[in-house]
Amino acid sequence: MSYQAVLRNKNFRNVLLAQLLSKIGDMVTGVALPLLIFSRTGSVASMAFMMLTYWLPNLILAPFFGIVVDRVNRKKLMLGMDIARALLIGLIPFVPLYGIYLICFLTACASEIFDLAKFGSTKQLVKQEELVEANSLVQGLDHLIGIAGPALAGILIAATNLVLPFYVDVATFSLSALLMCFVAIPDVERKPQQEGWLEKSRLDFKEGLSFVKTSAPLLFSMTLFLLVMMFAMPMNVLFYPLFQGELGAVSWQIGLILSLFSVSSLLGTIVSPKLNRRFNRIHLILLGLFCMGFFSALLALSQNVYLALAFYALGAFFNGFVNPLNATLRQENIPHNLMGRVTGMYFSAVNSLSLVSMLLIGLFGDLLAVRDLYLAAGIGYAVVGLLGFFSPWYAKTKGMYETEKTALEQV
């Protein structure tokens with residue numbers, strides 16, 4: 001399969017364009033909102049609280065949103081969430097600080113529902129053999145926006161004010177909603193239920209949890225990335241202290257580093273389908289995780305900012321090809337009617353240790369050397385890639401993909 005074949009799918013192409021528009025708006029708001037809050041309060045704690053309001057829906061509410069995604073037509077959900085986000089973002093310039101926090105929380109809830117519906121609809125819109133290419137396009141688009149998005153947002157804010165970016169975001173969500181009107185996504189078949197809403201929700205949750213417990217690929221991926229995120233989040237928190245504080249990077253070098261990360265991730269995403277056709281997917285995921293951690297550890301040991309930049313870019317490349325492969329693994333092993341709630345459970349479980357690791361970094365970040373903490377996180381990341389070979393579900397999951405590849409080669 002090729003990217004051209006996937007892009008000829010009108011419905012998937014419209015969803016992809018809708019994602020492009022909304023992500024551009026998100027990028028602009030993502031730069032403007034922290035500046036607006038800091039200009040009003042001058043408080044770092046206020047910005048941290050804003051980040052928490054964005055984080056909580058993914059961590060706590062995702063499984064319950066997944067139940068909704070499995071019950072309601074996913075096109076209607078994505079369309080409704082685009083409209084809701086447009087209305088909410090448009091209110092930001094007019095509300096007090098506590099209103100902004102509430103809007104952040106509600107917007108994050110709408111985004112979580114949209115993302116769960118989009119993830120499930122991808123499997124409905126493309127063929128099974130096109131999933132890796134489709135997920136590579138979804139991930140690649142995010143990386144592409146990450147290359148130029150922050151700079152464009154900064155230019156827009158500098159040339160105008162802190163209010164216009166929110167209206168730009170409103171416009172992008174509105175255009176995204178318009179595109180979604182031309183997407184056809186079928187309803188998911190469900191067994192009729194006579195119970196009340198609460199009882200149906202309990203049974204839906206139980207059904208999703210029971211499925212997760214019996215799926216070797218999901219248990220393999222979930223436990224693996226639960227540990228990965230425990231080390232990934234500290235590296236994100238320590239990025240600026242390491243590059244600016246330890247390596248002496250100036251602002252333009254930081255911008256170059258962030259853009260190069262997106263470029264390298266994009267390259268990894270592009271080659272992901274080709275690698276998937278030649279090698280066992282489970283081996284690729286574990287190799288990518290190990291290399292990401294290995295180059296992160298070398299970054300922590302670097303004394304030169306440009307050498308550190310090179311290691312950062314190499315790690316980003318491996319991170320880039322792992323994400324589409326892992327996303328496709330989940331889609332291939334979750335039925336349509338369980339996609340929302342199982343994916344929600346997956347994200348909540350995977351992100352649960354992230355909060356703990358971020359708390360630990362907050363407690364010990366000023367007591368221990370930044371390089372030592374980053375080095376420990378990089379080594380831990382690499383060790384997780386090796387531990388995957390000893391997972392109780394490794395052999396069965398690896399065998400499933402070997403069987404699949406053998407069958408494809410015989411066709």
Candidates A297, A177, A249; GNM for the chain (alpha-carbon contacts under 10 Å) flags as most fluctuating A249
With the cut-off at 22 Å, report for the stretch 200-298 the share of all Cα pairs above it, as a whole percent.
52 percent
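Taking neighbour counts of Cβ atoms within 10 Å as a proxy for exposure, in what order, fewest first, do W55, W393 appear?
Values: W55 16, W393 19.
Least crowded to most crowded, the residues run W55, W393.
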Label-point separation in nm, L198 to R13, each point 7 Å along Cα→Cβ
4.9 nm
Mean separation of Cα contacts under 8 Å, 6 or more apart, over the residue count of the stretch 207-411: relative contact order %
42 percent
Please compute the Kirkwood hydrodynamic radius of the stretch 1-188 from all pairs of different C-alpha atoms, in Å with one decimal.
17.3 Å
If you average the sequence gap of Cα pairs under 8 Å that are 6 or more apart and divide by the length of the stretch 87-171, what percent do you get for the contact order?
45 percent
Roughly speaking, what is the stretch gain from L256 to S210, that is 0.36 nm per residue apart minus the C-alpha to C-alpha distance, in nm to one decimal?
11.9 nm
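With runs of 4+ DSSP H residues as the only contributors, calculate the mean residue ellipticity of the chain at 222 nm using -39,500 (n - 2.57) per run, divided by the residue total and rounded to the nearest 500. Before the final figure, lay out the partial values.
Working: 16 runs with 334 residues, N = 411.
Mean residue ellipticity, 222 nm, calculated: -28000 deg cm²/dmol.
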List the pairs from K123/K396; K213/K396; K274/K396; K23/K127; K76/K118 whose alpha-carbon separation is above 18 Å, in the order I gave them.
K123/K396; K274/K396; K23/K127
Could you please tell me the mean projected area of the C-alpha convex hull for the stretch 207-411, averaged over all directions and given in square nanometres to one decimal?
12.1 nm²
Against the 2.2 N^0.38 Å rule of thumb, the C-alpha Rg of the stretch 84-179 sits at a ratio of 1.29
For the stretch 289-347 and the stretch 68-114, distance of Cα centres in Å:
27 Å
At R0 = 45 Å, how high is the FRET efficiency between L56 and T160 if r is their beta carbon distance? Nearest 0.05 is fine.
0.90
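Arrange L144, L7 by Cβ neighbour counts within 10 Å, fewest through most, would you?
Details: L144 18, L7 14.
Fewest-to-most Cβ neighbours within 10 Å comes out as L7, L144.
Can you give the convex hull volume per residue for the Cα atoms of the chain, as a whole number of Å³? Before the final figure, lay out each step's value.
Details: hull volume 59.8 nm³, N = 411.
Residue-normalised Cα hull volume stands at 146 Å³.
Rounded to two decimals, what is Rg over Rh for the stretch 1-71 when you use alpha-carbon atoms and the Kirkwood radius?
Numbers: Rg = 17.8 Å, Rh = 15.4 Å.
Result for the stretch 1-71 is an Rg/Rh of 1.15.
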How far apart, in nm, are two points set 7 Å out from the Cα along the Cα-to-Cβ line at L353 and at A395?
2.3 nm
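None of the figures in this text is laboratory data; all of them are computed from the coordinates on show. Keep in mind that this is a model prediction, so the values were computed, not measured. Note that each Cβ is placed from the backbone with ideal geometry, even for glycine, and that neighbours are counted across all protein chains shown.
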